[in-house]
Amino acid sequence: QVQVVESGGGLVQPGGSLKLSCAGSGGTFNDHTIGWFRQAPGEEREFVAQVSSSGRNTDYADSVKGRFAISRNFARFTVYLQMNSLKPGDTAIYSCGVGAELTNSWVYWGQGTQVTVAS
C-alpha cells in the first residue's frame with residue numbers, strides 16, 4: 001500500500017525556517033488527507049497540521065498557527081510543511097501519516113525526520 005518518506009529536517013537556529021517533505025509512493029497517496037505530527041523525547045506524539053485530499057482544506061495545531069504552512073503537490077505526490085519562526089520547542093522528530101477517515105485514524109507512517117532548533 002501507500003508508503004511515505006519524510007525529509008528536509010536538520011539543525012536550525014531559533015527564528016529560522018525549514019521546509020519538510022513527505023513523499024508518497026506505492027498507492028493512492030493523493031486520495032488521502034495527509035497529516036504532519038511530531039514527537040519530542042519523552043513526549044507523546046502530537047498533531048501539527050493536515051491537508052485534505054483536495055488540497056483546499058488545512059488545519060493546524062494552535063502552537064504552530066501563523067508560523068507553519070502545509071501544502072501539497074499532486075504531480076510530485078508530495079506534501080510539504082513550511083516551518084517559519086522556529087522555536088526550541090519545535091524540536092522533535094517530524095513524521096507524516098496517511099489519513100484513514102473511515103476509521104478516524106492515521107496509517108502508513110514514515111520513519112520521520114529530525115528537526116532541531118537551537119542556538
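Contour minus end-to-end for Thr28 and Val5, with contour as 0.36 nm per residue of separation and end-to-end as the Cα-Cα distance? Provide the component values of the computation, followed by the final result.
Working: separation 23, 0.36 × 23 = 8.28 nm, distance 1.46 nm.
That works out to 6.8 nm of additional length.
Between Gln111 and Gln82, what's the calculated FRET efficiency when r is the beta-carbon distance and R0 is 35 Å? Round to 0.05. Computed FRET efficiency for Gln111 and Gln82: 0.95.
So which GluC sites (Glu not before Pro) in the stretch 31-81 pass both tests, a DSSP loop state and at most 13 other Cβ atoms within 10 Å of the Cβ?
On the way: sites: Glu43, Glu44, Glu46; in loops: Glu43, Glu44.
Passing both the DSSP loop test and the Cβ count: Glu43, Glu44.
For the chain, the Cβ-based charge dipole about the Cα centre amounts to some 360 debye (Lys, Arg positive; Asp, Glu negative; other atoms uncharged). Computed extension length for Ala75-Phe47: 7.5 nm, one decimal, from 0.36 nm per residue of separation with the Cα-Cα distance subtracted.
Taking the stretch 1-74, which chymotrypsin sites (Phe, Trp or Tyr not before Pro) meet the DSSP loop condition and have no more than 15 other C-beta atoms within 10 Å? Walk me through the intermediate numbers first.
Numbers: sites: Phe29, Trp36, Phe37, Phe47, Tyr60, Phe68, Phe74; in loops: Phe74.
The qualifying sites are Phe74.
Ignoring the sites themselves, what is the longest stretch of the chain with no trypsin sites (Lys or Arg not before Pro) in a DSSP loop and at most 13 other beta-carbon atoms within 10 Å? Longest gap between qualifying sites, sites excluded: 1-55.
No value in this document is a laboratory result; all are computed from the given coordinates. Note that this is a predicted model, so its numbers are computed, not measured. In this analysis, Cβ positions are derived from the backbone assuming ideal geometry, glycine residues included, and neighbour counts consider all displayed protein chains.
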